[in-house]
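Have a look at the structure below, then the notes.
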Amino acid sequence: MDQLTAIAQIAQEQAVGDRSGHDFAHIQRVVANARRLLAAYPTVDRTLVLATAYLHDYYDEKLVADSAQAKAALEQKLAVTAGLPKDDINQITFIIDHMSFAKNIDTRQPLPLAGQIVQDADRLDALGAVGIFRAIRYGATHGSPDYDPAIPPRQQLTAANYRQPSTIINHFYEKLFTLAGTMNTPAARQMAEERTAFMKQFVAEYMAEI
Ligand code: ADP
Ligand code: NI
């Protein structure tokens with residue numbers, strides 16, 4: 001079995017059963033996005049990028065009960081099952097530790113190019129038709145109303161208020177419509193702008209209907 005297949009399996013075992021928008025289908029779309037973005041960067045380490053794309057949610061605090069324990073388990077599996085050298089494992093976990101949206105709200109974390117590509121690939125999956133599905137899924141899982149004119153969108157998203165309840169429509173204004181402006185790579189920015197235009201059309205139609 002090649003390394004990436006082993007890594008895909010490790011990621012799949014962990015993602016199975018997720019209903020919060022981080023299931024294995026999300027992982028596979030992020031990997032596909034990363035492959036697409038890699039086309040512009042022939043000298044970047046493909047295996048590092050794709051492995052990190054597969055693993056980026058593996059020990060996320062919101063998805064696992066004990067993030068440190070899950071991280072240690074992942075490092076063990078990468079060394080033993082996938083046969084990755086320690087240095088590669090450290091590069092992967094460095095990117096995962098610094099790439100999430102929540103960790104980049106207050107101060108933007110510097111990422112190596114490989115990490116910038118994975119971050120863009122992950123952020124693209126919050127946009128477009130897929131992004132609409134995921135926002136609704138997340139909001140429904142967390143009991144958010146679809147829309148409530150009495151709850152205005154927050155002017156400023158911070159790490160402290162990001163996980164506080166809001167409405168699903170507010171999430172578009174507070175986060176999703178700002179994502180295109182945070183893309184690292186030109187190709188991702190282009191795709192993000194197209195997907196954002198589609199989401200704006202969706203929200204405009206929603207407002208018109210209600
Ligand atoms: P990440 O994108 O870093 O994996 P999140 O948990 O913030 O982490 O996002 C997962 C998905 O859920 C994204 O598509 C995101 O836009 C959506 N989401 C996050 N917070 C909310 C919210 N309050 N309401 C609706 N959707 C949300
Ligand atoms: Ni993700």
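The values are calculated or read from the model by the stated rules, or taken from the named source; none is laboratory data. Computed from a prediction, not measured in an experiment: that's the story for all the values here. Cβ sites come from the backbone with ideal geometry, for glycine too, and all protein chains shown count toward neighbours. Just the protein is used for accessible areas: all its heavy atoms, side chains included, with ligands, DNA and RNA removed. Shrake-Rupley method; radii C 1.70, N 1.55, O 1.52, S 1.80 Å.
Does region 53-66 include one or more residues that are surrounded by fewer than 21 Cβ atoms within 10 Å (Cβ to Cβ), part of a helix (DSSP H, G or I) and modelled with pLDDT of 95 or more?
Of region 53-66, the ones surrounded by fewer than 21 Cβ atoms within 10 Å (Cβ to Cβ) are 60-66.
Going one step further and asking which of them are part of a helix (DSSP H, G or I), we end up with none.
No, region 53-66 has no match at all.
Results for (1) closer than 30 Å to A39 by Cα; (2) in a helix (DSSP H, G or I), shown as yes or no for each residue.
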| residue | (1), (2) |
| --- | --- |
| S166 | no, no |
| I169 | no, yes |
| T178 | yes, yes |
| N184 | yes, no |
| A187 | yes, yes |
| R195 | yes, yes |
| M199 | yes, yes |
| V203 | no, yes |
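Show the residue pairs that are 6+ apart or on different chains and have beta-carbon atoms under 6 Å apart, the first residue being within region 157-182 and farther than 20 Å from D125 by Cβ and open to solvent by less than 30 Å² (accessible area, probe 1.4 Å), the second being aromatic (F, W, Y) and modelled with pLDDT of 95 or more.
T167/Y147
Could you count how many residues in region 94-148 are within 10 Å of ligand 1 (Cβ to nearest atom), out of contact with any Lys or Arg (no Cβ under 9 Å at 6 or more places or on another chain) and among the aromatic types (F, W, Y)?
Going through region 94-148 one residue at a time, the tally reaches 2.
Do we find that L113 is within 16 Å of ligand 2 (Cβ to nearest atom) and either crowded, with 16+ Cβ neighbours inside 10 Å or under 30 Å from F172 (Cα atoms) (or both) in this structure? Explain how you work it out, then say what you get.
Numbers: within 16 Å of ligand 2 (Cβ to nearest atom): no; either crowded, with 16+ Cβ neighbours inside 10 Å or under 30 Å from F172 (Cα atoms) (or both): yes.
Here the answer is no, as L113 does not meet what is asked.
Inspect all residues belonging to region 187-202 and state whether any of them is within 11 Å of ligand 1 (Cβ to nearest atom) and open to solvent by less than 50 Å² (accessible area, probe 1.4 Å). If you could, list the steps in order and put the result at the bottom.
Within region 187-202, the subset within 11 Å of ligand 1 (Cβ to nearest atom) is 199.
Still in the list and also open to solvent by less than 50 Å² (accessible area, probe 1.4 Å): 199.
Yes, the conditions are met somewhere in region 187-202.
Kindly provide the set of residues from region 13-52 that are within 16 Å of ligand 1 (Cβ to nearest atom), more than 13 Å from L124 (Cβ to Cβ) and of a type in the set (A, V, I, L, M, F, W, C), ordered by number.
Hits for region 13-52 are A15, F24, A25, I27.
When you look at D45, is it within 18 Å of I117 (Cβ to Cβ), away from ligand 2 (no atom under 15 Å from the Cβ) and of a type in the set (D, E), yes or no? Break it down into steps so the answer makes sense when it comes.
Details: within 18 Å of I117 (Cβ to Cβ): yes; away from ligand 2 (no atom under 15 Å from the Cβ): yes; of a type in the set (D, E): yes.
Taking the combined requirement at face value, the residue satisfies it.
Out of the residues in region 17-31 that are touching a residue at least 60 places away in the same chain (Cβ under 8 Å) and small (G, A, S), which is surrounded by the most Cβ atoms within 10 Å (Cβ to Cβ)?
Among residues in region 17-31 that are touching a residue at least 60 places away in the same chain (Cβ under 8 Å) and small (G, A, S), the one surrounded by the most Cβ atoms within 10 Å (Cβ to Cβ) is G21.
Could you count how many residues in region 67-88 are touching a residue at least 60 places away in the same chain (Cβ under 8 Å) and open to solvent by 70 Å² or more (accessible area, probe 1.4 Å)? Don't jump to the end; show me each part of the working.
If we filter region 67-88 for residues that are touching a residue at least 60 places away in the same chain (Cβ under 8 Å), which is where we start, we get 74, 77-78, 81-84.
Applying the additional criterion that residues be open to solvent by 70 Å² or more (accessible area, probe 1.4 Å) yields 81.
The number of residues fulfilling the criteria is 1.
Can you tell me which residue is nearest to K62 (Cα to Cα) among those in region 129-147 that are open to solvent by 50 Å² or more (accessible area, probe 1.4 Å) and not in a helix (DSSP H, G or I)? So that I can check it myself, show each step before the final result.
First, pick out the residues of region 129-147 that are open to solvent by 50 Å² or more (accessible area, probe 1.4 Å): 129, 133, 136-138, 140-143, 145-147.
Subset that is not in a helix (DSSP H, G or I): 142-143, 145-147.
Values: H142: 12, G143: 16, P145: 21, D146: 22, Y147: 24 Å.
So, considering only residues that are open to solvent by 50 Å² or more (accessible area, probe 1.4 Å) and not in a helix (DSSP H, G or I), the one nearest to K62 (Cα to Cα) is H142.
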